[in-house]
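Chemist: Here you go, one structure.
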Amino acid sequence: MPDALYLSAAIALPFLGALVSALLPANARRWEAWLAGGVALAALLMVWLCYPAVTGGGAARVEIPWVPQLGLNLVLRMDGFAAVFAVMVAGIGFLVVLYARYYMSSDDPIPRFFAFLLAFMGSMMGLVLSGNLIQLVFFWELTSLFSFLLIGYWQHSAAARDGARMALTVTATGGLALFAGMLLLGHIVGSYDLDVVLESGNLIREHALYLPALVLILLGALTKSAQFPFHFWLPQAMAAPTPVSAYLHSATLVKAGIFLMARLWPVMAGTDEWFWILGSAGMITLILGAYVAIFQHDVKGLLAYSTISHLGLITLLLSLNSPLAMVAAIFHTMNHATFKASLFMAAGIIDHETGTRDIRRLSGLNKTMPFTARLALVAAAAMAGVPLLNGFISKEMFFTEALTASTAPTLLHSIMPVAATIAGIFAVTYSLRFIHGAFFGPDTGDMPKVPHEPPQFMRVPVEVLVFGCMVVGILPAATIGPFLDVAVRSILGGETPEYSLAVWHGVNLPLVMSVLALIGGVVLYRLLQRHFSTGVEGTPLLRGLDGRRIFDQAMVFLSWRFARTLERLLGTARLQMQLRLMVVVCFGAAALALLPQGLALGGVQLTRVDPVVGLIWAAGGLSAIGAAYQAKYHRLAALILLGGAGLATCLTFVWFSAPDLAVTQLLVEVVTTVLLLLGLRWMPKRIELPGSDRLLARLRRYRDFGIAVAAGAGLTAISYATMTRASPDGISRHFLERAYVEGGGTNVVNVILVDFRGFDTLGEITVLGIVALTVFALLRRFRPAPESIGMPDQQQAGEARDWLAVPAVTMRLLFPVICLVAFYLLLRGHDLPGGGFAGGLMLSIGILLQYMAGGTRWVEDHLRVHPLRWMAAGLLLAAGTGTAALFFGRPFLTSYFAYADLGILGKLPMASAMLFDIGVFALVFGATVLMLIAIAHQSVRSQRAAPPPPPSTALPGDD
């Protein structure tokens, strides 16, 4: 139980912290930093408390039922490898928070920054601690989403927006491929549980679907870790604030692909396909990234390409089917996180204190920023692989594995030692370019600010990381050794090889390669100094291979030419044609499904048709036909007749003992009728068509009438055939027998909605909220031209309001009564017809009447309506009710039912589903009022230039 609490808290705390941070005032930067830092430390503490469970090679595991019948459960699992990543996520996250406290400007929206950062931290925690493949993909996509928000944090910057869009496009596309691959992997194994998957290596590698699953999974991993040919997005992401770069591109986002490849290494590695895909991508990325990094003038650009190169190094190690290569890969992953995070922070300090990141303008900073210079020097030396620093030891292990691989027969194996040495030379060269160019060159005096040292605590995170580079480089076995051993054994198990973390192994070939790389890097840098002094942009020999330009051209082709062609062939701006196509496709799909077996009626004997029902149906049918006919001549009449057809449907539901449906249908009819009335004024004026066009229009109407009759008749036939069947084992009996026993309610329809099918309802209200926000977003920029719409002039509108004086008073007096009825429908819904949906619609009708009586301005002045708050509260309450069941070891949205003794009031039935229904009530009300406000405000603006509404109903972007 403690492990369950700790693992759950490690994931939940960052998300809760993000929510709280978003609600803090913009000027509370110190409190936001304290909050974010405290959350990161708390998450680190939760991981540390679980660490004893993994030291012996075991794993802390928590399984929470979700949909056990489908094998989908929430599984939290932490072994030694996941623990190392979780420590990097939380530990470096804390240092980044401390650094950001001093880096971010007071003019920046700080609450949004820390909210996004903590949400991303929670997503990474969820990814590394997931014990279910589908759950892992879910958090994987969350990391893409929140990294997009972090990279594009400076929304005013076009570079930030473009970089964020590129990162999201590449990584999210890879995420879709990963999802498909995980589905195939789960199909091969027969389970999505990670423990089951990790025990099925032979089954996976020998299966016919191994290669498709491998390709799809590696697509996801290679795109996330910026491996060739998907590496181009990472340098563009450098437009993000430096704390974001230090966090995402050293220890978290780009390491997600590495984590996935290492996690699945025991069951998917060991084949030629694995070696050739990862080996080719890793080797090209290793050389290409290092080469391009040499010629970058932007410090962060240099670090970005060096990151790409080091990720290629780790990928290349993972491609080798060698346990020692796996040890080297994990070790270098940890080392790279420390020295690269410190280098990014040093680059941010330079930018923060000098106003530029251009190496050509930064020369001579050692005199004015000596402490920062020494910190950057040590971190860059670790990146270059200088002895007595952590990067040297893992680089030596890489050289050793490259030499071992060269004994294999393939060409890729043979050239690996040469490629490793060349990459080492390039690493020394770009490290020297950064250090010598920025700190030890001549003082150019060409900087926007007078350089000086940063605040002391801004330098503390860099000092901690650099100290780690030194300690691990000098005493590796005593410091990092135990943690590395725990991580390696969780991956390799009994196949863990003997390895040494000693600093000195004598004079051997890997040491010779290291010396050659150091000397060669210095010589190459000296040879290129004249080229650097020219300030020429671009990379020699690769100026035509610009990944960003290729991506932009591909996006232009896909989003402009290809999409335009599809739109021209299949799309239309006319809603009528879209509806026609949708109805025809649905009709065809239903017909194809019925053709093999046909549609036979059941054996239930029908009763005679009651004349009253016949009259109701006749009136409804005539209203529908009249609405279709009047739509051509008089829109208001058509809308009234359409309401008559809906009323006939309501009465039919009542007649056939479906009061819940009748109440909901009636309320929906009222709301939609009023909203359509508000929208009538926007419809374009009618145009008299010439004779030939009039004939074509009439033929189209006949065609549409035929489609409508065919679709309606088909649906009628299916309904009729269904209702004439009597099945003793039907699903209705299941719900009727269990509604009260398991759901605590006698209203079966409501119990189904809030209990048995509560997850569906949660999804539906989420969609409703999204639709309401979409309607508002579309309408807030819509400004209809008065001369193009059929709306009354201002004088006629004023006269109409004078005639509504008496009804207006009546509507206002009815408002408390309507509110009472709405809450009555809500509270009785679990046992009698009603419920949250009906109650929310009823309350929104009360607001609708007030708008009709007094207009938008009167409601804003007298009714303080906050639709967004209602929607947020409703969704949080509904989701929170479902989440509460998890704390009692029950599946999500499991309901609890009991009787509460209220003394003189007696015993009242109380179900937790009632709280869920209240959430439905709040969201439905908020969404309906939000759409009403959007439409009503636009109607007012189309008549007069109104000032912005007060905060009570003012919405984001409503100007």
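The values are calculated or read from the model by the stated rules, or taken from the named source; none is laboratory data. Source: prediction; values computed, not measured. Because the Cβ atoms are built from the backbone with ideal geometry, glycine has one as well, and the counts that use them run over all protein chains shown.
Chemist: Just a yes or no: is a residue in region 474-489 closer than 30 Å to residue 358 by Cα and touching a residue at least 40 places away in the same chain (Cβ under 8 Å)?
Modeler: The answer is no; no qualifying residue exists.
Chemist: Which one is modelled with the highest pLDDT among residues in region 896-921 that are among the hydroxyl-bearing types (Ser, Thr, Tyr) and over 16 Å from residue 836 (Cα atoms)?
Modeler: 896
Chemist: Are any residues in region 342-361 touching a residue at least 60 places away in the same chain (Cβ under 8 Å) and assigned to a loop (DSSP other than H, G, I, E, B), and if so, which ones?
Modeler: 355, 356
Chemist: Among the helices (runs of 4 or more DSSP H) contained in region 698-782, which hold 2 or more residues that are without any contact (Cβ under 8 Å) to a residue 60 or more places away in the chain and over 27 Å from residue 930 (Cβ atoms)?
Modeler: Per the criteria, 731-743.
Chemist: Of the residues 412, 484, 501, which single one is in a helix (DSSP H, G or I), at negative phi, out of contact with any Phe, Trp or Tyr (no Cβ under 6 Å at 6 or more places or on another chain) and among the aliphatic types (A, V, I, L, M)?
Modeler: The conditions single out 412.
Chemist: Shifting gears a bit: Of all residues in region 143-191, which are surrounded by fewer than 16 Cβ atoms within 10 Å (Cβ to Cβ), hydroxyl-bearing (Ser, Thr, Tyr) and assigned to a helix (DSSP H, G or I)?
Modeler: 173
Chemist: Next up: Determine which single condition residue 111 fails, assuming it passes every other condition in (1) surrounded by 20 or more Cβ atoms within 10 Å (Cβ to Cβ); (2) within 27 Å of residue 330 (Cβ to Cβ); (3) at pLDDT below 90.
Modeler: The single condition residue 111 does not satisfy is (2).
Chemist: With the requirement that a residue be among the hydroxyl-bearing types (Ser, Thr, Tyr) and either under 14 Å from residue 303 (Cα atoms) or surrounded by fewer than 21 Cβ atoms within 10 Å (Cβ to Cβ) (or both), what does region 341-365 give you?
Modeler: 342, 356, 363
Chemist: Right, something else. Cβ-Cβ distance below 8 Å, separation of 6 or more or different chains: which pairs start in region 652-672 with a residue that is in a helix (DSSP H, G or I) and end on one that is crowded, with 19+ Cβ neighbours inside 10 Å and of a type in the set (Phe, Trp, Tyr)?
Modeler: From region 652-672, the pairs are 664/837.
Chemist: If you don't mind, there's one more thing I want to ask. So which of 338, 333, 372, 368 ends up being touching a residue at least 24 places away in the same chain (Cβ under 8 Å), touching a Cys at 6+ places or on another chain (Cβ under 9 Å) and either surrounded by fewer than 24 Cβ atoms within 10 Å (Cβ to Cβ) or not in a loop (DSSP other than H, G, I, E, B) (or both)?
Modeler: Going through 338, 333, 372, 368 in turn, just one is touching a residue at least 24 places away in the same chain (Cβ under 8 Å), touching a Cys at 6+ places or on another chain (Cβ under 9 Å) and either surrounded by fewer than 24 Cβ atoms within 10 Å (Cβ to Cβ) or not in a loop (DSSP other than H, G, I, E, B) (or both): 338.
Chemist: Take residue 568 and tell me if it is assigned to a helix (DSSP H, G or I), out of contact with any His (no Cβ under 9 Å at 6 or more places or on another chain) and basic (Lys, Arg).
Modeler: yes
Chemist: Give region 14-45 a look and list any residue that's within 17 Å of residue 78 (Cβ to Cβ) and surrounded by 23 or more Cβ atoms within 10 Å (Cβ to Cβ), or say none.
Modeler: Those that are within 17 Å of residue 78 (Cβ to Cβ) and surrounded by 23 or more Cβ atoms within 10 Å (Cβ to Cβ): 14, 43.
Chemist: Name the residues in region 208-228 that are hydrophobic (A, V, I, L, M, F, W, C) and either under 25 Å from residue 307 (Cβ atoms) or part of a helix (DSSP H, G or I) (or both), would you?
Modeler: 211, 213, 214, 215, 216, 217, 218, 219, 221, 222, 226, 228
Chemist: Checking the structure you have, find out if any residue of region 86-100 is outside any helix (DSSP H, G or I) and hydrophobic (A, V, I, L, M, F, W, C).
Modeler: Checked against the condition, which is being outside any helix (DSSP H, G or I) and hydrophobic (A, V, I, L, M, F, W, C), region 86-100 yields no hits at all.
Chemist: Given the criteria over 16 Å from residue 392 (Cα atoms), in contact (Cβ under 8 Å) with a residue 60 or more places away in the chain and either of a type in the set (Gly, Ala, Ser) or surrounded by fewer than 21 Cβ atoms within 10 Å (Cβ to Cβ) (or both), does residue 434 qualify?
Modeler: For residue 434, the condition - over 16 Å from residue 392 (Cα atoms), in contact (Cβ under 8 Å) with a residue 60 or more places away in the chain and either of a type in the set (Gly, Ala, Ser) or surrounded by fewer than 21 Cβ atoms within 10 Å (Cβ to Cβ) (or both) - is not met.
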